[in-house]
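Below is one structure; the comments refer to it alone.
The values are calculated or read from the model by the stated rules, or taken from the named source; none is laboratory data. Since the model is a prediction, treat every value here as computed from it, not as a measurement. Positions of Cβ are generated from backbone atoms using ideal geometry, with glycine treated the same way; all protein chains shown enter the neighbour counts. Side chains included, ligands, DNA and RNA excluded: accessible areas come from the protein's heavy atoms. Shrake-Rupley method; radii C 1.70, N 1.55, O 1.52, S 1.80 Å.
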Amino acid sequence: MRQPRGRSVARPVTGRRLFRALPLTPALALLLLFLGGPIAYCAWIAFTDLQLTGQAHSSFVGFANFRRAFDDDAFLNAVWLTLVFTVLSALVGQNTLGLALATLMRRASKPVRTLTGGIVITAWVLPEVVAGFLLYAFFRREGTLNALLDFLGLPSQNWLFTLPILAVSFANVWRGTAFSMLVYSAALDEIPTEIEESAEVDGAGGWRRMWHITLPMIRRSIGTNLMLNTLQTLSVFGLIWVMTRGGPSDRSQTLPLFMYEQAFQNSMIGYGTAVALLLLLVGSLFSVVYMRLLRTEV
């Protein structure tokens, strides 16, 4: 007699759940259509020999494009440079500088905060192509940096030729630090002042308060910021393309530029799409790692 009653109670609960999920159906359908659909189509292209020109029909080639990628020294070079670019500009540069600026601006006067914030955010809101031209003019052989070095009597060099990956990494730090600064400014404002004042009264110095109080309390903000910065940096294309076009001799060619070269310059759409899926896989792996780090500690 109790089992039918249990079933009769479960039906309204299931119905209510379906009714609550009903408003999400249009959004889910749009996501599947405009996000899932293109990803599925690209996944299919990656397993074909589709070319941009000179081909009437494409054929299924299985994992040939992926095997070709891992046998290609240019692809492995692009993977290495992508990791270097991401670590230098996102994990170290933007994250560290953004936290430093947020900490310093918290203690600065209002005019200093307004001026510094305005300068940093201006670099962030500039279009990527405009920022690329500005940094190209800064690092080129006859650019602003060498003019300053000559004025100071220091040796100058062609930075875009001798240290291209460092130059584009600096450019990405200059452009993207504002986001980290805003994230950390909001996180630091949420820390109760009583905790820091108590630690200061107990004799804890600035570095000890930062290491034992501030960083643990903004741990989730640090993880979120690292994840977003990493995903954004992995897809940077216009900034590097304007500054170096991946050169010289592919010494600043990251995966987005390598993918573009193979798909649209060499007309190998299938191979280029396979590289794009591998880049998507790298971003997914980073996301999984960060999401695990962001889980609430038990």
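Annotations for the structure displayed:
- The requirement of being touching a Leu at 6+ places or on another chain (Cβ under 6 Å) and over 22 Å from Leu239 (Cα atoms) is fulfilled somewhere in the stretch 106-129, by at least one residue.
- Condition check for Ala108: more than 22 Å from the chain's Cα centre (by Cα) and surrounded by fewer than 21 Cβ atoms within 10 Å (Cβ to Cβ): yes
- Of the residues making up the stretch 169-183, not a single one is without any contact (Cβ under 8 Å) to a residue 60 or more places away in the chain and surrounded by fewer than 16 Cβ atoms within 10 Å (Cβ to Cβ).
- Restricting attention to the stretch 202-212, the residues that are within 27 Å of the chain's Cα centre (by Cα) and outside any helix (DSSP H, G or I) add up to 0.
- Checked against the criterion of being assigned to a loop (DSSP other than H, G, I, E, B), loosely packed, with under 11 Cβ neighbours inside 10 Å and hydrophobic (A, V, I, L, M, F, W, C), the stretch 45-62 contains one or more residues that satisfy it.
- Looking at the stretch 103-201, the helices (runs of 4 or more DSSP H) lying wholly inside it that each contain 2 or more residues that are aliphatic (A, V, I, L, M) sit at 110-125, 128-139, 144-151, 164-189, 193-201.
- Criterion: among the hydrophobic types (A, V, I, L, M, F, W, C), more than 19 Å from Gln232 (Cβ to Cβ) and either open to solvent by 80 Å² or more (accessible area, probe 1.4 Å) or out of contact with any Asp or Glu (no Cβ under 8 Å at 6 or more places or on another chain) (or both) - qualifying residue of Ala40, Ala102: Ala40
Listed here are the residues, each with its yes/no results for (1) of a type outside the set (Asp, Glu); (2) farther than 21 Å from Cys42 by Cβ; (3) part of a helix (DSSP H, G or I).
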| site | (1), (2), (3) |
| --- | --- |
| Thr214 | yes, yes, yes |
| Gly246 | yes, yes, no |
| Glu261 | no, no, yes |
| Ala274 | yes, no, yes |
| Gly283 | yes, no, yes |
| Ser287 | yes, no, yes |
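- Scanning the stretch 228-236 for residues that are touching an Asp or Glu at 6+ places or on another chain (Cβ under 7 Å) and within 15 Å of Leu99 (Cα to Cα) turns up nothing.
- Counted residues, the stretch 257-281 - those being open to solvent by 10 Å² or more (accessible area, probe 1.4 Å) and either touching a residue at least 12 places away in the same chain (Cβ under 8 Å) or not polar (S, T, N, Q) (or both): 15
- Within the stretch 63-99, no residue satisfies the criterion of being buried (at least 21 other Cβ atoms within 10 Å of the Cβ) and not in a helix (DSSP H, G or I).
- Options Arg292, Arg209, Arg220; residue that is basic (Lys, Arg) and open to solvent by less than 70 Å² (accessible area, probe 1.4 Å): Arg209
- Flag for Leu76 being under 19 Å from Leu281 (Cα atoms), aliphatic (A, V, I, L, M) and in contact with a Lys or Arg (Cβ under 9 Å, 6 or more places away or on another chain): no
- Here Val201 passes the criteria (1) hydrophobic (A, V, I, L, M, F, W, C); (2) crowded, with 17+ Cβ neighbours inside 10 Å; (3) modelled with pLDDT under 90 except the one numbered (2).
- Tally, over the stretch 111-146, of residues that are farther than 27 Å from Leu99 by Cβ, open to solvent by 60 Å² or more (accessible area, probe 1.4 Å) and either touching a residue at least 12 places away in the same chain (Cβ under 8 Å) or of a type outside the set (Val, Ile, Thr) (or both): 6
- Which numbered condition Ala187 misses (of (1) open to solvent by 30 Å² or more (accessible area, probe 1.4 Å); (2) farther than 30 Å from Leu81 by Cβ): (1)
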